[in-house]
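Worksheet: the structure to be examined is printed underneath.
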Amino acid sequence: MFKDDNSLEIGKDFDSEILDFITQSKISIPIISENYASSKWCLRELVRIMDRKKSMSHMVLPIFYKVNPSDVRYLKGKFGEAFRMREKRFDKNDIQEGKQALTEVSYLNGWESEKFANGHERELVEEVIKTIMSKLRHDFQLDVPKHLVGVGDHVNKIRNWVDTLASHARMIGIYGMGGIGKTTLAKVIYNELLNDFLHRSFLPDIRETAHHNGILYLQNLLIEEILPNEHQVCKVDEGISLIKSRFKGKRVLILLDDVDHQDQLNALARERDWFSTGSIIIVTTRYEAVLDQPEFQADYKYELSELDEVHSLLLFKRHAFHMGHCLKDFEGISRDILSTMGGLPLAIKVIGSYLYGKTNEKVWQDILKKLRNESAKDVQKILMISYDALEPKHKNIFLDIACFFIGEDSKFAIYTWEDFYPYQGIEELKLRCLIKIGDRGEFRMHDQLRDLGRSIFCQGQSLERCLKQWVDQEGLTVKPERGARYCLKNYDTYFQWPRGCSPAYTSEQFKNLPSSRFLQLCWKALSGDFNELFSELRWLRWFYIEPNMLSSAINFHLSKLVVLELSQNKLAEDWSGWSSIMVAKRLKVLNLSYSQVLRCTPDFSTFTELEILILDECCKLEQVHPSIGQVKRLVSLYLRNCLNLKELPEEVGELQELKELLLDDAGITKIPMSIGSLKKLQKLSFPHCLSLVEIPISIDNLSSLQHFDQSSYSLLSEISRSNRNLSSLECFNLLSSIGNLSSLRHLNLSQCSSLRDIPSSIGNLSSLQHLNLSQCSSLRDIPSSVGNLSSLLYLNLSHCLSLREIPNSIGNLSSLQYLNLSHCSSLREIPTSIGDLHKLQHLNIDDPLIKEIPDAIGRFKELRRIIIISHDCWGIGSVYCSRSLSKIIDTSLSTLPDCKDKSFLQNLLSQHFKVLRLMPKHPFGLTYLQYNFAIPKFLQLSCLIDLEELHLYACDQLESIQGLPSRLLKFYVDSYPNLILPELGRFKYLEELSIRLEIQGHGELEFLETINIYSCKSIERLILPKLQCLKRLHACSCNNLVEIGGLDKAELLEAIDISNCRSIERLPKLGCFATLKELNINGCHHLHGVESLERFSSCRSIFMKDCENLEKLPNLSKFENLESFIILGLIRLREIPGIGELRSLTKGSIIECQSLEILPDLSGCEKLRYVRVVACDKLTQLWGLEKLDLTLLQIYGCQHVPELFKTCNGRYEYECFCIPEVIKLQ
């Protein structure tokens, strides 16, 4: 068991932490080696893992590393010897439990390292990762609306391009005006592609997130999703370096939503070479220009146009009439209204929803008049029509959500609007498509509607300036006249407190905000007299509160508080502050989750109005106070993962309004008998409660129960004996009279290891849509009555090791979309009736023991993905040559099928093969070939007479490539220790070369346009005299390279990258400054001569880093088009001449230039908006800033900060300062 987690603290109980991790995980992968059984701790982990497996939600996938499962089962061989050597040290109970766990795991279907791919561990790791990701794929699906209109055509156009072959990472740019559906389209594309990628990330709403939290926050989100164990970065430049270096070897799928500035792309995906071949970056934006960055232009830009008349009308009908056609007499006016909205989906949905139910045609005429007075492109004015029609109380709810509650739990927010009729208001907003409620119950809102609400809140101010008033770090700049109605929100969750700055708020700071309704604090104390200051406060969220943080506050009255969140606190049951909390008699929600020291809950007797109590993850909680029984209105009680909580008080049975009781993974040993009195209980959940030994018979009285989730099938029989009163039960694991449940939709019997037969009455479940029988290792047969399940969409029979036959009646499942028959080791053939599953979209037959796959498989019309692993399957040729399967195969064939369709074979080779060894013997017209897996030592490609592009990755054993055609155009090869390359000079038509090996003959390639040479340590001189067509030269990390010659004739050169070539002292002589767009000299530590850069007048961006010997830059005044520069780590740089004359400059960053003393007057930089100066110890002057209209000024880590700001004449009042050495600037 390996838990890769840097957050494990020294001094903590490591054993208990690991066991907790096992309890919380979805999948465990025990790696069982020869010495595994000699470790008492390993056996203890395995016992916990196998106990967890008894619950349906945990999966165990063992790896038998250089050991036979039978040796594990019977303690034979070296494995058994290791166990017996240590046996005397173990307790008898430990020995018995360990033997049982070893026996159970040995029967599980896993991987034997010596038998998998001939012992190639790289392939084993890839297979394990692929299996895990496929098991968890549904966790990564992005939410998209149902019944999409007009999206299919756009998806098909983009997919047709995506499915073409490419030799590099690609960017898809989707652009168009706000509200037109860019994000929805991108999500659909992302969902269709994500199963093909192990590494994927979705960054939503980048425009808003960058404004609130900065680009650094976005970088850390991306890094966390792609590299979950990587530390967070502290600087944007550090993030760029990490993404560039660590993402390069990973094939990624990234969706960057709502990008509005190239700076965001520069920090997240600036260059194509940051990502591995096959990576796809999807970008949505309102501005096409964002997609035209020079380093990584979008390969495919798709302008999402407005809906046409047909689709506009269809969408309008769905929202205005809730049907597919218009009411009589409204067809004409519907078309007239649509003619004013320019086909904008958001506007159509909002206006259509507003008109729903309005049968007076005069109302429709009024709306038509208003719309005709507005521009069809001015979305907010159109949306304003629906807002104006809201009643005042509902307007207040809309504005609160837009400004503060997006992403918040709707149940909590509702309590803050008790005077606004919130349920009616929210329903009205939903019907008008002004808000949505997410899957987790959170508020969601389209960014156009969000901006509308915030602009209304600002009352005529510019939105940008208004936003600064309530998202700054201190959170205390809301104007008093606005604060009287709205909430105060503090956004310092990730804020590092400056030196010398007190982490506390005083009552004086709140006096201008006497009517705030929402307050969020994090690591902040309160001090002073708060008399009446919080009299209107409805929601208090106080993260990481400690006992002394309220000790200096007096008159802290919360009489109107309805939501109190004190999660991740260090409060004990004797905290003096509870008395201040107890006065909140109107409290509806109390969240004490993640309380770190709480052993007993406080007295709840004063919280008579409380409806939701959250005590999840209280690791030391041992007792729930008996006063819980006095909270008569409690609806939801959450006690998940309270491992030290052994029992509940009998008073729980007095909670007559309780509907939810969640005890998942708790340490309880019994459930009180009084639980049978909970007549309104709908959901009772206690999975993985491994200590639970008793369930009271009174559970029979829970007549309203709809969802029942438990952990052990042995207990289930006790519950099932008298289930006559469970009349409302809808979702459960197993009942004996299964056929009587005619309304059942989801039936999950996975991991029922003792289940041998399914009753034939299962065919009576006419509403069943989801049937999961995976990992039922003893299941032998499926009854033929399963063919009666006409509504079934999902059928999973994977890892049913004893399953011998699939009934022919499976062909009657007319609605089936998903069928998984993988790892059914006793199954030898598939019935021909499988071809009748016309709606099937996903088929998995991942088992090499299945020899016969019927030709009828080619009849599938809607199949999108098929997984067939079979090395010698007789019927495979006819199956794969089915035209309907040409783009959806994921397979592990050892040889290509005998198929004469060249285009099909070419497409087939583009898939993710793992063990392909032999190419066809006859020539065929393949033009592109990529290997991502182990291949033989000698690669023979003489049959590929038309090959133009070859990529070789992860081919560690390769020694020789034979038969390469002379017409090769593109050649990409990684570093392999034994590979000897052919003489490159004979490939006279070669246009692109990317290599990590020593090469010869490259100087003769006169048609070469791109050359990438990485980490070639022996190269000292790179002479390229004949490469007149050269456009891109990358010679990175060649540590001994001292000279590059022959570029004076390369007049087409656009990009040069010699980063991290530590020995280079001077730039090469260039004759291409008119065309050069990119020059990267970062990390050239010995570089000291850059005088030739003065000719680089067309340059728009400079990024120079870690050139430690560079003392002087060229005069930048000639760089007339320069828009931005970043100068980082030039520790000997003393001056930057000419910078004050750059009239096109908009952004400048100077970081860690420790010898820099002075900058020229910057007042001439008229367009300069962004200035960042970091760790420049000797810099004492910044002249001219007071004459500029800056939007961001960041100065920190500079010893002379006060002197710097004297030169600014005290002009700045921005909320966006980031100056740790200065507390406040006026």
message = I need the calculated FRET efficiency for the pair Glu1065 and Lys436, taking r as the beta carbon distance and R₀ as 56 Å, to the nearest 0.05.
response = 0.40
inquiry  = Students often get this wrong: which residues of region 818-849 have the backbone nitrogen under 15 Å from the point 7 angstrom along Cα-to-C-beta of Glu805?
reply    = 826-833
task = Can you tell me the FRET efficiency between Val693 and Cys600 if r is taken as the Cβ-Cβ distance and R0 is 30 Å, rounded to the nearest 0.05?
result = 0.80
inquiry  = Assuming 0.36 nm per residue, please report the length gained on full extension of the stretch Lys839 to Glu1108 beyond their Cα-Cα distance.
reply    = 90.5 nm
Whole-angstrom gap from region 627-652 to region 1023-1088, using each part's C-alpha centre = 70 Å
ask   = Structure shown: which of Lys988/Lys1017; Lys970/Lys1026; Lys937/Lys970; Lys1112/Lys1178; Lys26/Lys430; Lys370/Lys411 lie over 24 Å apart, alpha-carbon to alpha-carbon?
value = Lys988/Lys1017; Lys26/Lys430; Lys370/Lys411
ask   = Between region 526-567 and region 255-304, what's the alpha-carbon centroid distance in Å?
value = 45 Å
Inter-site label distance for Glu81 and Ser826 at 7 Å from Cα along Cβ, in nm = 3.6 nm
ask   = Once both labels are modelled 7 Å past Cα along the beta-carbon direction, what's the Lys1049-Ser627 spacing in nm?
value = 9.1 nm
remark   = Each label sits 7 Å from Cα toward the beta-carbon; between Lys646 and Trp578 the label points are separated, in nm, by 2.1 nm
ask   = If you rank Ser833, Ser70 by fewest surrounding Cβ atoms within 10 Å, what's the result?
value = Ser70, Ser833
key: Sequence of Thr284, Thr832 once ranked by neighbouring C-beta atoms within 10 Å, starting from the fewest   = Thr832, Thr284
note = Violations at 28 Å Cα threshold for listed pairs Lys235/Lys1069; Lys187/Lys588; Lys53/Lys250; Lys1049/Lys1077 -> Lys235/Lys1069; Lys187/Lys588; Lys53/Lys250
task = Work out the FRET efficiency for Ala389 and Gln962 from their Cβ-Cβ distance, taking R0 = 60 Å, and round it to the nearest 0.05.
result = 0.20
task = Could you line up Lys683, Lys115 from fewest to most neighbouring Cβ atoms inside 10 Å?
result = Lys115, Lys683
query = Gln568 to His770: extension gain in nm, 0.36 nm per residue of separation minus the Cα-Cα distance?
reply = 68.9 nm
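None of the figures in this text is laboratory data; all of them are computed from the coordinates on show. Just so you know, these numbers come straight off a predicted model, no measurement behind them. No Cβ is skipped: glycine too gets one built from the backbone with ideal geometry, and neighbour counts run over all protein chains shown.
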